[in-house]
């Protein structure tokens, strides 16, 4: 695999978002949604968590659902940001990354590309490009949350900055298998919409079906590790999260990309 | 001359339909090869296999002595695939530059080369256009331009002039002709007159079975001339038979005669034209050898 070509393919993906009208519109919509999130859920929840009147209730409530450590963070904005981002970015990734190769394949553009780089390079380059896009968006939202927090309490800026960097890293790891899943579904489906539908079915119907089956065949519980995001509930608390939980997304990404490469190599363009 | 394409016992089927059956051929460097055949004969399938878009069921393909898909072929083998289009979200220049960079050019070289190839296909004013702003013919020319980026050694053009107006089709033909010394073209087309002008070698596919024809081949001790007369002159066939050096005359069409003559007969063409003048026959065309149409479809 030629890293120069993989990098060029990834860079071209960035221009798809940052240098096309459609991409810029998507960024504008994304920014508006996050402005609302920063203003309402984050902006309104923080005074509630910080007030002595309610903090005890909040701590007790959070303790019941395993989020005690999170509520104890002085950087309350980042705690709420973490919870919202942890579930919204994977979902967002399914939509943003729904057209990695399928559109180009249907249009025939991949035929031009495949005479200049290998299919493995196309798949990995597109994956890398989408990952960079999501990391950029995660970074922007995390920095915006940090600014809101620094405005409320400037003393927290320094400690908040290091926490923000940790959260950016953790969220980037979390979204990886979701991007890889869409890369694989793109190779199976005939449109980006169908890829999204399949992904939603996988997470809803697939999950329900597996839950039902494991009721009778408990050893099949291992199959839950096929689903990206299987560890989300366990890492949400940020309380003594084991290294194994952070390895799961890497393993899932690797497995999904290897499967994707095998599928891509064998399919007609 | 060296072999640039070597295809051995290639077969490809789609379900029960055999698209290619034991196809074998070689193409030498410097030749312009025509791939002809009726609709559904397997031409596009063969193109797709040669470009690596489709995997054959059996057989082998070597291009420039490398197996299909080998990274060293990137930029050396290019193609105009049928029904392929650039991304409508980006300008033509941006995409062609990107392809150039993937082929190993730096950004400045890629931009220069993009300007060069767009000029070659007559689209120098459309650098910043998006593909969906262009007409069908212009889109096709952009796709031809991308196939000429860098220094390709083999260019496969699937129906390159289909859908182009006569003037642009002519320009593409003259472009192919002017580049054919440096680049080996493989062309698929239904326009036999076009292929006749451009190609030295013909691959004829029918129902997935291939037969190869060398356009300038001499068989035994005889040679051929195809004479097309302006009108259907009385007793023309009989009179042509009486011309010295003639071995056999057959009539391929109403006013068209295939004349087989002794290969040792020098300047037979001049001799024939003088004979036409003597009988006051106006001729429309004289072809050295068989016309491609006759070569492919004449049964006797």
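Whenever a residue of region A:33-44 is farther than 9 Å from residue A:144 by Cβ, its partners that are in a helix (DSSP H, G or I) and modelled with pLDDT under 90, lying with C-beta atoms within less than 8 angstrom and at least six residues away or across chains, give the pairs A:41/A:80; A:42/A:77; A:42/A:80; A:42/A:148; A:43/A:148.
Scanning region B:42-65 for residues that are under 18 Å from residue B:186 (Cα atoms) and either within 14 Å of chain A (Cβ to nearest Cβ) or within 16 Å of the chain's Cα centre (by Cα) (or both) yields a count of 15. Anything in region A:12-25 that is in contact with a helix residue (DSSP H, G or I) (Cβ under 9 Å, 6 or more places away or on another chain), loosely packed, with under 15 Cβ neighbours inside 10 Å and at pLDDT 85 or above? List them, or say none. Hit for region A:12-25 is A:24, nothing else. Among residues of region B:88-100 being surrounded by 22 or more Cβ atoms within 10 Å (Cβ to Cβ) and facing another protein chain (nearest Cβ under 7 Å), the one that is farthest from residue A:17 (Cα to Cα) is B:99. Of the strands (runs of 3 or more DSSP E) entirely within region B:193-252, those holding at least 1 residues that are more than 30 Å from residue B:7 (Cβ to Cβ), at pLDDT 80 or above and within 32 Å of the chain's Cα centre (by Cα) occupy B:222-229.
The single condition among (1) within 11 Å of chain A (Cβ to nearest Cβ); (2) farther than 22 Å from residue B:185 by Cβ that residue B:152 does not meet is (2).
Residue-by-condition table, conditions (1) within 14 Å of chain B (Cβ to nearest Cβ); (2) in contact with a helix residue (DSSP H, G or I) (Cβ under 7 Å, 6 or more places away or on another chain); (3) surrounded by fewer than 18 Cβ atoms within 10 Å (Cβ to Cβ); (4) under 30 Å from residue B:78 (Cα atoms):
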position	(1), (2), (3), (4)
A:110	yes, yes, no, yes
A:146	no, yes, no, no
A:169	no, no, yes, no
A:184	no, yes, no, yes
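Does residue B:80 qualify as being within 11 Å of chain A (Cβ to nearest Cβ), touching a strand residue (DSSP E or B) at 6+ places or on another chain (Cβ under 6 Å) and modelled with pLDDT of 90 or more? Here the answer is yes, as residue B:80 does meet what is asked. For region B:253-282, give me each residue that is more than 27 Å from residue B:189 (Cβ to Cβ), touching a strand residue (DSSP E or B) at 6+ places or on another chain (Cβ under 8 Å) and not in a loop (DSSP other than H, G, I, E, B). Matches in region B:253-282: B:259, B:260, B:261, B:262, B:268, B:269, B:272, B:273, B:276. Out of A:130, A:100, report the one residue that is crowded, with 24+ Cβ neighbours inside 10 Å and away from chain B (no Cβ under 14 Å). After applying the criteria, what remains is A:130.
The values are calculated or read from the model by the stated rules, or taken from the named source; none is laboratory data. Remember, it's a predicted structure, so these values are computed and weren't measured experimentally. Methodologically, a virtual Cβ is constructed for each residue, glycine included, from the backbone with ideal geometry; neighbour enumeration extends over all protein chains shown.
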